[in-house]
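The values are calculated or read from the model by the stated rules, or taken from the named source; none is laboratory data. Since this is a predicted model, take the numbers as computed values, not measurements. Reconstructed Cβ throughout: ideal geometry from the backbone, glycine too, with neighbour counts over all protein chains shown.
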Amino acid sequence: MTVSVRSTRIATMLAVNTFKQTCVNQAKYLHIYRNLLRKVSFKLSDIGEGIKEVTVKEWYVKEGDKVSQFDNICEVQSDKASVTITSRYDGVISKLYYNVDDTALVGKPLIDVEVEGSEHIEKKSEEESLREIEVSSRSDITANSLCIPSVRRLAKEHSIDLNKVQGTGKNGRILKEDILKFLGGSIDNTELIDQREKVKCESTEGDNIEVIKGFQKSMINTMTEALKIPHFVYGDEIKITEVSKLRNILKNKHDRQISSLPFFVKAISNSLKKYPIVNSSVDKKVENIIYHKAHNIGIAMDTSVGLAVPVIKNVQALSVMEIFLEIQRLIKNGRDGKFSLADISNGTFTLSNIGSIGGTHTKPVILPPQVAIMAIGKSQNLPRFDENNHLVSEEIVTVSVSGDHRIIDGATMARFVVDVKKQLENPYLLFLKI
């Protein structure tokens, strides 16, 4: 009995010692494993089109989540497009730097990821980040982009170079206090400015203030540049009676309700072949004219995120039905607020359908660096005389075309519009690739 008890005690002690050693080994393993983890700062890389900042619209991950390469991290909205950011690493999310609706800057950390590996991975990630933000690093984020208009105005009034001012706001933004400090003053010495701002606040009490962002911000920048273009406007009316008949034929054949817009797009493309100057653009210094082979026709749309101009690419190679399907795709993306950068870039000519909201005439504004834009009015059944001098009812639309008078003369624009008109008034012979 004594031997049996002693054996049991020995076995128990051996089991306890084994368990202790296992715990020690596991602790060592965990310590070593943690040391092998490396925190990598995943920086927001340059997404093109000169974009310096974006708004975080949605996170697809949270802190503590495991991610793999190419997993969706978040969706960001620039002033031009919506972009989904994907992971470059396998690891665990340890930190999110922004909340939804925060502004994220290109070249700054977006998330931190704990990844397995040695210093080689950390060095590699740093090299990748440096390569990806090379464009941003060369041009850098200017001080002008890191302050609000009132601060820029104050700096301009005192002839201050904002690049020399150290910003103390969020993400290095330059505040009014930073300008005053740079001038050698203080907040106490600016009572006059404070009083003016106080009066403004009192007089506008109850007013709503909305930050300009997204497509509206992009449109403001574009329209400001458009003011530099000397516009001229040419107008005409086009009979689309035959187009409407053809639309009905296509409706019966394809069981789809096709508007007249795809016909206009195709007719414009055909005319651009004859008058390539209308499909050109100018460089920033206005020293060269660039003739574009591709007919990338933008369609101005009123979307859920504001006015946008998505682009139908390579219209010269598309049929009317293919143009219709592409317009439907872009309309859906606009309704969902999901335009990609490719959807809204590289347009060479723009078409605005003001008729869809009941408009008739307008003076359309050119979208630089393009040199022309056409607006289509609403269709109306109006009395007209035919070739036999008989009074008939015709379906009429008016078109208003603006041209850059530095590049296009009035006669060329008139010939271009007349060519479009001839096609639309006799579509059976000209729309052969339906």
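General observations
- The stretch 302-314 residues that are assigned to a strand (DSSP E or B) and surrounded by 20 or more Cβ atoms within 10 Å (Cβ to Cβ), paired with ones that are among the charged types (D, E, K, R) and modelled with pLDDT of 95 or more (beta carbon under 8 Å, 6 or more apart): ILE312/GLU326
- Among the residues of the stretch 377-431, the ones that are within 14 Å of GLU242 (Cβ to Cβ), touching a residue at least 60 places away in the same chain (Cβ under 8 Å) and polar (S, T, N, Q) come to 3 in all.
- Complete set of residues in the stretch 85-110 that are farther than 11 Å from LYS66 by Cα and part of a strand (DSSP E or B): ILE85, THR86, LYS95, LEU96, THR103, ALA104, LEU105, PRO109, LEU110
- Figure legend. Inter-residue proximity from the stretch 90-101: first residues over 12 Å from PHE42 (Cβ atoms) and not assigned by TED's automatic domain parsing to the domain that holds GLU116, second residues at pLDDT 95 or above and among the small types (Gly, Ala, Ser), beta-carbon distance below 7 Å, spacing 6+ or different chains. No pairs are indicated.
- Selection count where residues are modelled with pLDDT of 95 or more and in contact with a strand residue (DSSP E or B) (Cβ under 7 Å, 6 or more places away or on another chain), scope the stretch 296-322: 7
- You will find that of SER259, SER244, SER281, the residue that is farther than 21 Å from ILE366 by Cα, touching a strand residue (DSSP E or B) at 6+ places or on another chain (Cβ under 9 Å) and outside any helix (DSSP H, G or I) is SER259 and no other.
- Among residues of the stretch 179-211 being surrounded by fewer than 12 Cβ atoms within 10 Å (Cβ to Cβ) and modelled with pLDDT of 75 or more, the one that is farthest from PRO310 (Cα to Cα) is ASP207.
- Flag for ARG88 being touching a Ser or Thr at 6+ places or on another chain (Cβ under 9 Å) and modelled with pLDDT under 80: no
- Any hit, the stretch 336-348, residues being part of a strand (DSSP E or B), crowded, with 16+ Cβ neighbours inside 10 Å and among the β-branched types (Val, Ile, Thr): no
- Strands (runs of 3 or more DSSP E) within the stretch 350-434 that include 1 or more residues modelled with pLDDT of 95 or more and under 20 Å from ALA308 (Cα atoms): 372-376, 391-404
- Odd one out for GLN328, checked against (1) more than 16 Å from GLN370 (Cβ to Cβ); (2) part of a loop (DSSP other than H, G, I, E, B); (3) of a type in the set (S, T, N, Q): (2)
- Test for ARG256: is it among the basic types (Lys, Arg) and more than 30 Å from GLU387 (Cβ to Cβ): yes
- Top-ranked residue of the stretch 284-301 - restricted to ones that are in a loop (DSSP other than H, G, I, E, B) and of a type in the set (A, V, I, L, M), ranked as nearest to ALA267 (Cα to Cα): ALA294
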